[in-house]
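Please read the structure below before turning to the comments.
The values are calculated or read from the model by the stated rules, or taken from the named source; none is laboratory data. These numbers come from a predicted model, not from an experiment. All Cβ positions, glycine included, derive from the backbone under ideal geometry; neighbour counts span all protein chains shown. Just so you know, the surface numbers come from the protein's heavy atoms only, side chains and all, with ligands and any DNA or RNA stripped out. Shrake-Rupley method; radii C 1.70, N 1.55, O 1.52, S 1.80 Å.
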Amino acid sequence: MKDFKLDTQPKIKPAFEASDTYLDQLQKQVVSSIQQEKNKKAAFRISTRGIWRYAAAAVVVIAASIPIVNNSLVTTEPTSSEIEHELLRNVDFGSVAFALDNELSLVTTESESTDPVENELLENTNVEFLITEP
Amino acid sequence: MKDDAFIWAQLSDPATQERAFALLVKTYGKRLYAHIRGIVISHDDTNDVLQNTFIKVFRHIDSFKGDSKLYTWLYRIATNESLTFLEQKSRKSGVSIEQLQVSEFETSGLDNEMDGEAIAATLQKALLQLPAKQQLVFRMKYFDELTYEEIAEITGTTVGALKASYHHAVRKIEDFIRAL
C-alpha cells in the first residue's frame with residue numbers, strides 16, 4: 001500500500017451497509033413510532049382543549065371581579081373632624097388634668113427656687129421703694 | 001425510486017403520511033443508515049438514532065419550507081442527531097468522541113469481521129484517526145457524493161473551509177494506509 005492514493009483507487013464502499021431485512025424492520029418500526037406520535041398529539045389536543053376551556057372561564061371570572069376588588073381597596077382621606085373625634089375618643093381627661101397640674105406646680109417650684117430677684121419682687125409689696133431705691 | 005416532490009406531497013397530507021414515511025425509509029434508509037453508522041459505529045445505537053431522525057422529521061414536518069432538498073434536510077437532522085448522541089455518550093463515559101468511536105469499532109468485532117472488502121475496513125480504520133468533524137465531511141463527500149454546497153448547508157460551514165477539511169482528511173487517510 002506504499003503508493004496508495006484515494007483518487008486512483010476504484011470507489012470504496014462504506015464499511016457499514018444495512019441489509020434489506022433490517023430496512024423492512026425499520027420501516028415497520030418507523031411507521032409504528034409515527035402512529036404513536038400521532039396518538040400522543042391527538043391525546044394532547046384533547047387534554048389541552050379542556051384546559052383552554054377552564055382557562056377561558058378563569059379569565060372571565062378574574063376580569064369580572066377586578067372592579068369589585070378595586071372598590072373594596074379604595075381608601076378615602078379622613079376629614080379633620082373625624083381625626084379630632086378619633087383622637088378624643090380614647091382620652092382619659094382625669095390623667096390629662098393630673099399631668100397639667102403637675103406641670104404647673106413644677107413651673108412654680110422652679111421659679112421660687114431659682115430666681116431670688118423675682119422672689120424679692122413677689123414678697124415685697126412696697127414697689128415704690130424698690131423703684132426709687134438708689 | 002420516487003422523487004422528492006412526490007414523497008413531500010405524500011408527507012404533507014395526513015391521510016398519506018404513514019405510507020409516505022414507509023417510502024421515505026425505503027428511499028433514504030440505506031444511505032442514512034450508512035451515514036449514521038459511520039459516526040456512531042454501533043448498530044444498536046445507529047438503529048436508535050435513525051428512528052429518532054425519522055420521528056424528528058415527523059415532528060418538524062411543518063417547518064420544512066422546501067428551500068432545500070428533502071435529502072439535504074434529512075442528512076442535517078441525521079447528522080445533528082448522531083453528533084448529539086455521540087456528545088452525550090462521550091460526556092457520560094468521560095472519553096473524547098474520537099476515542100469512543102475507536103473503542104466502539106474495536107469492541108463490535110467489525111475490525112475482524114467487516115462486511116464487504118478488506119479495503120473498506122481499512123478505510124474505516126483510517127477514518128477513525130480523524131477528528132469527528134473531518135470524518136463527517138469526508139463521509140458526505142466521498143461516500144454520499146454530496147456537493148460542497150450541500151455539505152455546507154448541512155453542516156453550516158463555508159465551502160472554502162469544507163474543501164480544506166476534505167483535502168486534509170484525504171491526505172491523512174492516504175498517509176495512514178501507506179504506513180500499514
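General observations
- Test for A:Ile34: is it among the β-branched types (Val, Ile, Thr) and under 31 Å from the mean Cα position of the chain (by Cα): no
- Unique match (being among the aromatic types (Phe, Trp, Tyr), open to solvent by less than 40 Å² (accessible area, probe 1.4 Å) and modelled with pLDDT under 95) among B:Phe105, B:Phe138: B:Phe105
- Only one entry in A:Leu122, A:Leu130 is modelled with pLDDT under 70 and either within 14 Å of chain B (Cβ to nearest Cβ) or surrounded by 10 or more Cβ atoms within 10 Å (Cβ to Cβ) (or both), namely A:Leu130.
- Some residue of the range A:47-59 being within 14 Å of chain B (Cβ to nearest Cβ), open to solvent by less than 90 Å² (accessible area, probe 1.4 Å), modelled with pLDDT of 85 or more and part of a helix (DSSP H, G or I): no
- Residue-level check: of (1) over 30 Å from B:Ser42 (Cα atoms); (2) within 14 Å of chain B (Cβ to nearest Cβ); (3) not in a loop (DSSP other than H, G, I, E, B), A:Ala64 misses just (2).
Quick grid of which residues meet (1) touching a helix residue (DSSP H, G or I) at 6+ places or on another chain (Cβ under 6 Å); (2) more than 17 Å from A:Lys13 (Cβ to Cβ):
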residue	(1), (2)
B:Phe6	no, yes
B:Ser12	no, yes
B:Thr16	yes, yes
B:Ala20	yes, yes
B:Arg31	no, no
B:Ala34	no, no
B:Arg37	yes, no
B:Ile41	yes, no
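- Subset of the range B:138-180 [in a helix (DSSP H, G or I), away from every other protein chain (no Cβ under 14 Å) and without any contact (Cβ under 8 Å) to a residue 60 or more places away in the chain]: B:Tyr148, B:Glu149, B:Ile151, B:Ala152, B:Val159, B:Gly160, B:Ala161, B:Leu162, B:Lys163, B:Ala164, B:Ser165
- Of the residues making up the range B:1-27, those that are open to solvent by less than 30 Å² (accessible area, probe 1.4 Å) and closer than 19 Å to B:Lys65 by Cβ are B:Ile7, B:Leu11, B:Gln17, B:Ala20, B:Leu24.
- Selection status of B:Lys172, over 23 Å from B:Ser103 (Cα atoms) and of a type in the set (D, E, K, R): no
- The set of residues in the range A:1-27 that are among the acidic types (Asp, Glu) and either more than 17 Å from B:Leu123 (Cβ to Cβ) or open to solvent by less than 20 Å² (accessible area, probe 1.4 Å) (or both) comprises A:Asp20, A:Asp24.
- The range B:43-75, residues that are under 25 Å from A:Lys13 (Cβ atoms) and in contact (Cβ under 8 Å) with a residue 40 or more places away in the chain: B:His43, B:Asp45, B:Lys69, B:Leu70, B:Tyr71, B:Thr72, B:Leu74, B:Tyr75
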